[in-house]
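Single-structure report; data block below.
No lab work stands behind these numbers, since they all come straight from the coordinates. Given the structure is predicted, the values throughout are model-derived calculations rather than measurements. Neighbour counts are summed over all protein chains in view; Cβ atoms, including those assigned to glycine, are modelled from backbone coordinates with ideal geometry.
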């Protein structure tokens, strides 16, 4: 038997209807909202799964709210939040439950090619290539290539040295480049 | 190309891939809604680092001192609970003696309500015959039910479990098909979640499955395994609970928070040891999650609903391996019902340290006792006594009693109260005494 959240829901609705949410919540939302599009992009590139990406960003957003006391006052939310998103994705990729719902990459490619999913051939190749990268390599590549972060920041978020960040990005580049080359060849 | 240059082809490829995979703007709206809901629950004060640079030393020292005192009071609280643990000889207490507000007998009020005896029939506005109701949850316009249809040889089989949606306005039933072994359901993230356990007669491929259903059509959209949660010596079926966009499951020794979108575990904690979860209940703020464990020494754990961190636990007397404690969480306290072997009982525990509330004991039920939170008040069902109770959520004092053979599962919200019994679902008229 599931407990029902009716009391909480009615309280929330009242607050929203009256337009009097806590000022801290409103301020946080105002900072967070413009970052969500990019955050969902990071998560999508790392997890390669639309629903999982939404989960990751939702979880990262909740963590950011709960831990906002850790943020240096006056600093931009962007790098701090994106770091939480990237680490949330890495956590999900490393988690022992990650395999429970993730599609087999080959199955996904086959399904797409058989017409069940509308997807471009080159995208499928890229996707399959990214799936072959380790979580940490994928994270470094996404931070560098999707967020355009300098290696110093990639290293900071990934928790590694700058040189390690560079080598991870290079590894990812090689894999993706070979997929792109394959994509241009006749099949 | 220098080492700081980006390969344009790789960059374009990655951006194209993101564009084809990333969720749309509606996902952003859902996330903001979820953050707002959580933020409004958790208040505006952020968690601070324990040794925050900006935190005065005296505050850190005070926190350490407070933690020490709280640790001491937890031990003391559990000790008090143990001393006051109800025994079969526990005398009746005031709540039981409170004059009840049972409606007067009206034998002809509702001939089509086999779940309600004449004394309670006047409160039944509609009865939907189904079978043995295993789980029930309320949505804005619908009641979702797992039931086991009667079988020819008599009795009910979980292997034949079915899910239905009942329209609350007219009682129309939409059938969602068979879900062998289905035991629990919850509404979260706009989906109906159903979980099955390994009941007799249920094929192994149908056991330990978490289904995501379209809440309107009841079509199965996703099916995933929860075998990993079950543990090796599982005694109890899975138990789902939800709050808005958040979903939790208790199964085997594990409690886990699941994504309300994909069902994937966000975290899972093994807090049951050799036992298995008998009940989970999240408090109305959505901040604290309670899990009861059935084992040779039943226990209760209090966890952060968001992170899964254990706040406290109690292994005081909660019966003896007889189905484990059943829970109904309120803000600041949780009601616990459990079988003792002779008489079931229910007790109220304070949330912060799970210590027994002074005077919170309502003794002399039967082993069929169960507790529910519904529309802000405490509901109890005593199947072996054949009674339902609505009670004061803080004191446990019974406000009204309903005669109800074999008891039932109770769900209530501002739109009404629904009872799932052994033969179907009854919609109750509001008894004003319950909310006095």
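A few points about this structure:
- Going from the residue with the fewest nearby Cβ atoms within 10 Å to the one with the most, B:312, B:262 rank B:312, B:262.
- Footprinting exposure proxy for A:22, A:148 (fewest neighbouring C-beta atoms within 10 Å first): A:148, A:22
- Label-reachable residues, segment B:195-224, where backbone N falls under 19 Å from a point 7 Å from residue B:151's Cα toward its Cβ: B:196-208
- Pair residue A:78, residue A:134: separation of 7 Å Cα→Cβ label points (nm): 3.1
- Normalising the Debye intensity of segment B:152-281 to I(0), with uniform scatterers on Cα atoms only, and taking log10 at q = 0.13 Å⁻¹ returns -0.52.
- In this calculation the C-beta distance from residue B:174 to residue B:322 is compared with R0 = 45 Å, giving a FRET efficiency of 0.80.
- A Förster distance of 22 Å, applied to the separation of the beta-carbon atoms of residue B:435 and residue B:350, puts the FRET efficiency at 0.35.
- Normalised convex hull volume, segment A:22-99, alpha-carbon set, Å³ per residue: 93
- Taking label points 7 Å from Cα along the Cα-to-Cβ direction, residue A:178 and residue A:91 give a separation of 3.3 nm.
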